[in-house]
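Before any comments, here is the structure.
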Amino acid sequence: MSVTDDPVRINGQLIDNVHSKYPFITYGGITYLPLTWDHAIALGLGLGWDADTGLQIDSASPPAYGTSAAWTKPAFKQDLSASRVLPASYTAVKSAYPISIAGTSIDNSREEYPFLELQGITYMPLTWSVVNDQLKLTIYWDPENGLNVIGGQRQVLGNIVFDDANDLYISPSVMPPAGPGNLVKVSKSLSGEPVWMNQEESQKIQEQIKRTRLADPYRGTAAEVEEREDGLYYKGLKLLEKTEMVEPSGVSSKVEFSGTLFQLNNNRSLLAVQKRTVFTSASLRTGYVYIYSDGNAIPLGEFPQVPDKVIPNKDGSFWIASDIQFVHGHGLLDTLRLAHLNADGELKSMNREWNKLSVKMLGIGSRSFDFGEIGYANPQTEEGRIFVQLTPYPLDGERPTIEAGLYAVDSAQNLTLLSEPVPESAQLYVSSDKQLYSLGERVNTLRNISTGEAAMWYDCELLETE
């Protein structure tokens, strides 16, 4: 085997193979990692040794997010006590002791790329099976930077909460020593380093978020509905019969009603009534949606929940969107709904049209002032397109369905694929200039899906090192 002069990195930091006491080596075209304590700590690997069970290698968990203990990051150290001329050759032997990876024993004598022993240190082959499948590390190669092994990274960047003309503002997943409330500012150009803001600067952004939410005209306004002995009324017009207002006898619950009015045009509105049934340990919400005009209410049965937003299109049609509802902390996927209301008042369920259990309109934001995304007033692009996320789950398993992914949709309901599905843990955010971003597809990775640009930062660039 040989010590190569090709660049090798751990978490982006170049390995000095000329001076490293335990250099990276290559054997059979595969790069080998010396399992020193410094390398294990840097990559978040747990190493254990027992006379009977031999060497155990596991992925170690980083310190818990949201704690001050996670604010510091041990600096990556290299033992640079050697000196050699590259390329250099060495002789190693197969490791003869038991080895297990993530709890699974391997037969080193039968491995095509076995673990090796050199200078009293075990060398691990950086094959895809070992690195990606078993230890959940990331490995990639490019001509300029060579081989890069990434692991042990803390997800420092939490969620995008706001943006302006130049920057994105992100709530962190770790708590700075000064306490909660600090935001991280990242340039929309995705160049340069993220900047930690102080509490005064962060508070100004929080105030802008509140003002922006208050100015949103597409969330509707409160509409007073009246409960009478024979039914539910709005401005003297009966909407529900008494039998529709009560729960079956024997069910211990309390029923509450509220109304929301969305202005469509001069003489038409969308009236949404929420029936909230409160049980001992949970509550269920049912929606009734109507076109209200000139004292008449026409029910729209295809949308059985209160919309979060109603967005106008230039052709006189509207998008009606709802965000997910939760019961006992579990999201109900069939409450992610999107519908298209044309200028003639005809409603089309896009969940049914595309045969999707969940259709999420991106950028509608959260109704909560304290949690969730801001959601700008109208998330449409200048071309009148919205962004949607389609999940893999069909509404009807017997019918064809649209592939899962991220799409742009115009007012004629034409779909344009923008991206393959992203991990469920990733955040999707529509900015004020109508660019679609993802955060967290990979650790501390921010991607502008609209432009194809992306940037990734190592946690040592975001945290204090010790």
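The values are calculated or read from the model by the stated rules, or taken from the named source; none is laboratory data. Here the structure is a predicted model, which is why all the values come from computation and not from measurement. FYI the Cβ positions are ideal-geometry reconstructions off the backbone, even for glycines, and counts take in every protein chain you see.
Would a scan of region 407-419 turn up a residue that is loosely packed, with under 15 Cβ neighbours inside 10 Å, in contact with a strand residue (DSSP E or B) (Cβ under 9 Å, 6 or more places away or on another chain), of a type in the set (Val, Ile, Thr) and more than 30 Å from Val156 (Cα to Cα)?
Looking for residues that are loosely packed, with under 15 Cβ neighbours inside 10 Å, in contact with a strand residue (DSSP E or B) (Cβ under 9 Å, 6 or more places away or on another chain), of a type in the set (Val, Ile, Thr) and more than 30 Å from Val156 (Cα to Cα), one finds at least one in region 407-419, hence yes.
Scanning region 212-226 for residues that are at pLDDT 95 or above and surrounded by 12 or more Cβ atoms within 10 Å (Cβ to Cβ), which turns out farthest from Ser366 (Cα to Cα)?
Glu226
Yes or no: region 187-201 includes at least one residue that is touching an Asp or Glu at 6+ places or on another chain (Cβ under 7 Å), surrounded by 14 or more Cβ atoms within 10 Å (Cβ to Cβ), in a strand (DSSP E or B) and modelled with pLDDT of 95 or more. Write out each step before concluding.
Taking region 187-201 first, the residues touching an Asp or Glu at 6+ places or on another chain (Cβ under 7 Å) are 187-188, 190, 193.
Retained after the next criterion (residues that are surrounded by 14 or more Cβ atoms within 10 Å (Cβ to Cβ)): 187-188, 190.
If we keep only those that are in a strand (DSSP E or B) too, we end up with 187.
Of the ones still in play, those that are also modelled with pLDDT of 95 or more are 187.
Yes; the residues of region 187-201 include at least one that is touching an Asp or Glu at 6+ places or on another chain (Cβ under 7 Å), surrounded by 14 or more Cβ atoms within 10 Å (Cβ to Cβ), in a strand (DSSP E or B) and modelled with pLDDT of 95 or more.
Could you tell me whether Tyr393 is of a type in the set (Ser, Thr, Tyr) and either more than 29 Å from Asp433 (Cβ to Cβ) or touching a Pro at 6+ places or on another chain (Cβ under 9 Å) (or both)?
Numbers: of a type in the set (Ser, Thr, Tyr): yes; either more than 29 Å from Asp433 (Cβ to Cβ) or touching a Pro at 6+ places or on another chain (Cβ under 9 Å) (or both): yes.
Yes: the conditions hold for Tyr393.
So for region 154-175 (the condition being part of a loop (DSSP other than H, G, I, E, B), touching a strand residue (DSSP E or B) at 6+ places or on another chain (Cβ under 7 Å) and modelled with pLDDT under 95), does at least one residue qualify?
There is at least one residue in region 154-175 that is part of a loop (DSSP other than H, G, I, E, B), touching a strand residue (DSSP E or B) at 6+ places or on another chain (Cβ under 7 Å) and modelled with pLDDT under 95.
Here are Gln380, Gln413, Gln389: which of them is part of a strand (DSSP E or B), polar (S, T, N, Q) and over 28 Å from Thr277 (Cα atoms)? Working first, answer last.
On the way: Gln380 fails: part of a strand (DSSP E or B); Gln413 fails: part of a strand (DSSP E or B).
Just a single option satisfies the conditions, and that option is Gln389.
Taking the condition without any contact (Cβ under 8 Å) to a residue 40 or more places away in the chain, polar (S, T, N, Q), surrounded by 11 or more Cβ atoms within 10 Å (Cβ to Cβ) and out of contact with any helix residue (DSSP H, G or I) (no Cβ under 6 Å at 6 or more places or on another chain), does Asn145 pass? If you could, list the steps in order and put the result at the bottom.
Numbers: without any contact (Cβ under 8 Å) to a residue 40 or more places away in the chain: no; polar (S, T, N, Q): yes; surrounded by 11 or more Cβ atoms within 10 Å (Cβ to Cβ): yes; out of contact with any helix residue (DSSP H, G or I) (no Cβ under 6 Å at 6 or more places or on another chain): yes.
No; evaluated as a whole, the condition is false for this residue.
Of everything in region 271-318, what is among the hydrophobic types (A, V, I, L, M, F, W, C), in a loop (DSSP other than H, G, I, E, B) and closer than 13 Å to Gly345 by Cα? Give them in sequence order. Give the derivation first.
So in region 271-318, the residues among the hydrophobic types (A, V, I, L, M, F, W, C) come out as 271-273, 278-279, 282, 284, 289, 291, 297-298, 300, 303, 306, 310-311, 318.
Now drop any that are not in a loop (DSSP other than H, G, I, E, B), which leaves 279, 282, 300, 303, 306.
Listed by number, the list holds a single entry, Leu300.
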